[in-house]
Amino acid sequence: MKAVVAERMLSTEIVAWKRLSHRKRLPVHLILFITDRCNARCGTCFYWQNLNQGESLLPEHIEKISDALGELVWLDISGGEPFLRKDIDWICHRFLDCNRPRNINIPTNAIQTAVIERSVRGILAHRGDFRLNIAVSLDGVGEAHDRVRGVPGNYKKALATIEALRRVREEDPRLSLSVVTTVMRHNIEDVKQLLDLGLKEWKLDYHSLNLLRGTPMDGSLQPPTPEQFAEISKLQVRLSRHYFDGRWGGLGGWMATLGRFLLNRYYMQEIEGHPRDISCNAGDVSCVIDANGDVYFCELLKPVGNLKTYNWEFARLWNDLLAIDQRQRVRKGCHCTHECFQTKNLIFTPWRLV
Ligand code: SF4
Ligand code: SF4
């Protein structure tokens with residue numbers, strides 16, 4: 001009990017280091033695709049070939065995964081659209097009870113406002129000490145967003161969801177609200193507007209920017225040019241200072257902003273066409289489990305196995321030959337702009353990004 005109280009007082013990053021040192025060769029960051037169902041048709045989607053194939057992790061599979069893992073620091077509940085699962089609150093509670101993640105992050109297309117609000121309240125009904133972040137996807141302003149998402153009225157619905165979640169946040173400060181925007185060559189002006197709206201109108205806790213990645217459904221979409229990214233990056237670093245200062249105060253805020261700057265500098269090398277290989281922590285610190293049972297180090301690499309063929313025994317798969325082989329190759333050097341993994345590289349091995 002004493003240890004639990006002491007841990008509450010530490011920042012997530014310190015807890016991450018502590019849990020990393022105590023773990024038994026298991027990840028502390030899990031991205032779990034709980035369903036492949038989705039009610040949007042985003043041009044930016046890199047998961048589009050897997051969507052709506054009828055795959056969902058069954059409750060007993062989720063229990064087995066949760067039982068096999070040790071303490072987590074970060075749990076990303078993904079999909080498809082995660083809020084299409086009615087038992088999303090139970091899934092979160094299961095992990096909170098067994099794996100004690102400090103942060104649960106759920107990205108959403110924010111189409112079903114009432115369902116999302118109800119589910120978020122359901123998740124927060126767990127009285128544990130955790131932070132729940134809901135990341136609303138917004139790639140443009142007004143109809144521009146609807147076009148990217150292939151859903152008329154998506155922008156208005158997303159705004160309604162943001163409003164509803166702001167009310168919940170007033171009641172429970174464990175809820176944090178962010179927007180995640182995919183940065184592309186054609187939406188730079190919209191990105192600037194969204195960053196501004198997020199800060200002044202929606203009072204977000206953070207605004208994430210993802211560079212277009214993987215093989216998007218709309219093959220005509222392209223990542224930003226170096227000049228475009230330089231402009232957006234400058235703006236994002238300035239805003240990060242504001243968001244991080246709010247969360248961590250003076251020195252913590254300054255260090256997190258420096259981290260943001262280093263990450264963007266690293267991404268710039270990729271955009272300029274001379275990417276730099278680093279020894280990536282994916283496959284060590286992080287793990288992705290797809291709704292069909294496939295296990296990945298990250299979504300950009302091939303799976304290292306499927307849990308069905310391992311009788312849902314995660315540790316056996318994670319330490320089997322395919323995983324060992326891919327881990328060795330990733331450690332020798334790999335590169336990408338996948339924010340979820342590069343932020344973990346930044347936390348655990350920042351010197352690799354300098
Ligand atoms: S990006 Fe997300 S919301 Fe859009 S189609 Fe893919 S899974 Fe659905
Ligand atoms: S650098 Fe990117 S692609 Fe390579 S293993 Fe890490 S997350 Fe995956």
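The values are calculated or read from the model by the stated rules, or taken from the named source; none is laboratory data. All values reported here derive from a predicted model rather than from experimental measurement. All Cβ positions, even for glycine, are placed from backbone atoms using ideal geometry, and neighbour counts span all protein chains on display.
In segment 259-278, the residues that are farther than 14 Å from PHE244 by Cβ reach residues that are of a type in the set (S, T, N, Q) and outside any helix (DSSP H, G or I) with C-beta atoms within less than 6 angstrom, at least six apart or across chains, in these pairs: TYR267/THR337; GLU270/THR337.
Does LEU51 count as at pLDDT 90 or above, aliphatic (A, V, I, L, M), closer than 30 Å to SER220 by Cβ and within 16 Å of ligand 1 (Cβ to nearest atom)? Yes: the conditions hold for LEU51. Could you please let me know if VAL295 is in contact (Cβ under 8 Å) with a residue 12 or more places away in the chain, part of a helix (DSSP H, G or I), away from ligand 1 (no atom under 16 Å from the Cβ) and over 26 Å from LYS234 (Cβ atoms)? Considered against the rule, which asks whether it is in contact (Cβ under 8 Å) with a residue 12 or more places away in the chain, part of a helix (DSSP H, G or I), away from ligand 1 (no atom under 16 Å from the Cβ) and over 26 Å from LYS234 (Cβ atoms), VAL295 comes out as no. State whether the residues of segment 302-319 include one that is touching a residue at least 24 places away in the same chain (Cβ under 8 Å) and closer than 29 Å to MET184 by Cα. Taking every residue of segment 302-319 in turn, at least one turns out to be touching a residue at least 24 places away in the same chain (Cβ under 8 Å) and closer than 29 Å to MET184 by Cα. Look at (1) touching a helix residue (DSSP H, G or I) at 6+ places or on another chain (Cβ under 9 Å); (2) among the charged types (D, E, K, R); (3) surrounded by fewer than 19 Cβ atoms within 10 Å (Cβ to Cβ) and you find that GLU227 fails only one, number (1). What number goes with the only condition from (1) under 28 Å from GLY43 (Cα atoms); (2) part of a loop (DSSP other than H, G, I, E, B); (3) not basic (Lys, Arg) that PRO101 does not pass? Condition not satisfied by PRO101: (1). Restricted to helices (runs of 4 or more DSSP H) entirely inside segment 298-354, those with at least 1 residues that are aromatic (Phe, Trp, Tyr) are 314-318, 339-348. Within segment 315-336, none of the residues are away from ligand 1 (no atom under 16 Å from the Cβ), closer than 17 Å to ALA68 by Cα, β-branched (Val, Ile, Thr) and surrounded by 17 or more Cβ atoms within 10 Å (Cβ to Cβ).
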